[in-house]
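Chemist: Dropping the structure in here first, questions after.
Every read-out reported here was derived from the displayed coordinates using simple, explicitly stated rules and does not represent laboratory data. Every value quoted in this text rests on a predicted model; they were computed, and no experiment measured them. Here the Cβ positions follow ideal geometry from the backbone for every residue, glycine too, while neighbour counts run over all protein chains shown.
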Amino acid sequence: MSTLFSPLKIKNIELKNRIVVSPMCEYSSQDGFANDWHLVHLGSFATGGAGLIITEAAAVSPEGRITFADLGLYKDEHVEKLKQITDFIKAQGAVPGTQLAHAGRKASHQEPWNGGKQAPADQPNGWQSVSASTISFFENEEPPIALDKAGIEKVKADFKAAAKRAIDAGFQVIELHGAHGYLINQFLSPFSNQRTDEYGGSFENRIRLLLEIIESVKEVWPEENLLFVRISATEWVEGGWTAGDSVALANILKGKGVDLIDCSTGGNIPNVKIPLTPGYQVEFAEKVKKESGILTGTVGLITKSDQANEIIENERADLVFFAREMLRDPHFALRAAHELGEEIKWPVQYERAKWH
Ligand SMILES: Cc1cc2nc3c(=O)[nH]c(=O)nc-3n(C[C@H](O)[C@H](O)[C@H](O)COP(=O)(O)O)c2cc1C
């Protein structure tokens, strides 16, 4: 039986356990550059025993940033600091991943601690956002421009160029951000995508941008490395993207060489009622896994070692992503192993702190 601490080998990459650090925006960059904050923040999860550590959303273009302070992979110069971080993560026996993202209509906002509001295009640190259609997220926001064909080609080229930089930066996993109402999700959802061309309308048309991004990333991303896609498995709204759509998408992505689907939910429609109970999104990872056969990750209000272990033991998902619990305790994996009675390797520098 697999447990939270059993390794998972996908192709030739072995994750030492099923614990993943979920992407978490830090809004602490200047012009997309990682810095010592990112080294310490991500490095602490590596010393803390997580198997896979995924950076926050890294924007593939300046206009794809949520805020002017987002991490980016849109310049060759971004690579050097990220390489230092991935080297450190690997030295601790963990696998480094990055989440490639374009915020679409959710771009050009302030950092959460400065209010999180839209930064209008004519204000400092603001710019014109783009999307599938000219529909803003909040009614009172300036609407995005709908991407034309050239704009769509640029987005695909930006993802591809960022993937190339991700190789140079030493990442072994790319997660495409197709969730939480960002650009790819804006194309997937019939609420935000009201296009009448081949990128809108039917399910097949709404998933086209994602499929084309995967294709262009795969032109450069080495076969031995891993490609994950994060989706919002349901919008929690009648008439929107459903769990059934997620299964249908998973079946297609499996055939496109995607290695794992990370199942989150929501984020594309404001003020939606979501049942926020512990592990409330596990059912989606379970459904997608069972009905498509692809590997899945689950995330959301998973904070306890036995809770996470149960998910793996019962084959409801293959990986468990943790976000806020990792901020509370970056060494969560060391603690979880102790609680579950598993013997794992600690950093030698920390061995004197082992529980006995
Ligand atoms: C500070 C913070 C930043 C986040 N940034 C991202 C992000 O960059 N990309 C993403 O897909 N999700 C992001 N999320 C969502 C988390 O990855 C995760 O899906 C969510 O917090 C639920 O997991 P949790 O209950 O373990 O926190 C963020 C969450 C937090 C708390």
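Chemist: Give the residue that is farthest from Gly279 (Cα to Cα), with candidates limited to residues of segment 331-351 that are acidic (Asp, Glu) and assigned to a loop (DSSP other than H, G, I, E, B).
Modeler: Residues of segment 331-351 that are acidic (Asp, Glu), as a first pass: 339, 342-343, 351.
Adding the requirement that they be assigned to a loop (DSSP other than H, G, I, E, B) leaves 342-343.
Numbers: Glu342: 23, Glu343: 26 Å.
That would be Glu343.
Chemist: Kindly establish whether Glu142 is away from the ligand (no atom under 15 Å from the Cβ) and either farther than 27 Å from Asp36 by Cβ or surrounded by 17 or more Cβ atoms within 10 Å (Cβ to Cβ) (or both). First the steps, then the outcome.
Modeler: Working: away from the ligand (no atom under 15 Å from the Cβ): yes; either farther than 27 Å from Asp36 by Cβ or surrounded by 17 or more Cβ atoms within 10 Å (Cβ to Cβ) (or both): yes.
Against the criterion (away from the ligand (no atom under 15 Å from the Cβ) and either farther than 27 Å from Asp36 by Cβ or surrounded by 17 or more Cβ atoms within 10 Å (Cβ to Cβ) (or both)), Glu142 qualifies.
Chemist: Would you point out the residue of segment 266-282, among those that are without any contact (Cβ under 8 Å) to a residue 60 or more places away in the chain and under 23 Å from Gln186 (Cβ atoms), that is nearest to the ligand (Cβ to nearest atom)? Lay out the reasoning, then the answer.
Modeler: Residues of segment 266-282 that are without any contact (Cβ under 8 Å) to a residue 60 or more places away in the chain, as a first pass: 271-282.
Adding the requirement that they be under 23 Å from Gln186 (Cβ atoms) leaves 271-274, 281.
Working: Asn271: 18, Val272: 15, Lys273: 17, Ile274: 11, Gln281: 8 Å.
Once the filter is applied, the top-ranked residue is Gln281.
Chemist: Being among the basic types (Lys, Arg), out of contact with any Phe, Trp or Tyr (no Cβ under 7 Å at 6 or more places or on another chain), within 16 Å of the ligand (Cβ to nearest atom) and under 24 Å from Tyr182 (Cβ atoms) narrows it down to one of Arg328, Arg324, so name that one.
Modeler: Numbers: Arg328 fails: under 24 Å from Tyr182 (Cβ atoms).
Every option except Arg324 fails the conditions.
Chemist: Out of the residues in segment 286-301 meeting the condition of being under 17 Å from Ser6 (Cβ atoms) and within 16 Å of the ligand (Cβ to nearest atom), tell me which one is surrounded by the fewest Cβ atoms within 10 Å (Cβ to Cβ). Don't jump to the end; show me each part of the working.
Modeler: Just the residues of segment 286-301 that are under 17 Å from Ser6 (Cβ atoms), to begin with: 289, 295-298.
Narrowing the set further to residues that are within 16 Å of the ligand (Cβ to nearest atom) leaves 296-298.
Numbers: Thr296: 27, Gly297: 25, Thr298: 29.
Going through the qualifying residues, I end up with Gly297.
Chemist: Check whether at least one residue in segment 202-219 is surrounded by 15 or more Cβ atoms within 10 Å (Cβ to Cβ), in contact with a strand residue (DSSP E or B) (Cβ under 7 Å, 6 or more places away or on another chain) and assigned to a loop (DSSP other than H, G, I, E, B), and report yes or no.
Modeler: There is no residue in segment 202-219 that is surrounded by 15 or more Cβ atoms within 10 Å (Cβ to Cβ), in contact with a strand residue (DSSP E or B) (Cβ under 7 Å, 6 or more places away or on another chain) and assigned to a loop (DSSP other than H, G, I, E, B).
Chemist: Mind checking whether some residue in segment 340-347 is loosely packed, with under 14 Cβ neighbours inside 10 Å and either touching a residue at least 60 places away in the same chain (Cβ under 8 Å) or under 19 Å from the mean Cα position of the chain (by Cα) (or both)? It would help to see each step written out before you state the result.
Modeler: Of all residues in segment 340-347, those loosely packed, with under 14 Cβ neighbours inside 10 Å come to 341, 343, 345.
Filter once more, keeping what is either touching a residue at least 60 places away in the same chain (Cβ under 8 Å) or under 19 Å from the mean Cα position of the chain (by Cα) (or both): 345.
Within segment 340-347, one or more residues are loosely packed, with under 14 Cβ neighbours inside 10 Å and either touching a residue at least 60 places away in the same chain (Cβ under 8 Å) or under 19 Å from the mean Cα position of the chain (by Cα) (or both).
Chemist: For the condition crowded, with 22+ Cβ neighbours inside 10 Å, over 17 Å from the mean Cα position of the chain (by Cα) and farther than 20 Å from Cys25 by Cα, what is the one hit in Ala308, Ala248, Ala243, Ala317?
Modeler: Values: Ala248 fails: crowded, with 22+ Cβ neighbours inside 10 Å; Ala243 fails: crowded, with 22+ Cβ neighbours inside 10 Å; Ala317 fails: over 17 Å from the mean Cα position of the chain (by Cα).
Criteria check complete, one pass: Ala308.
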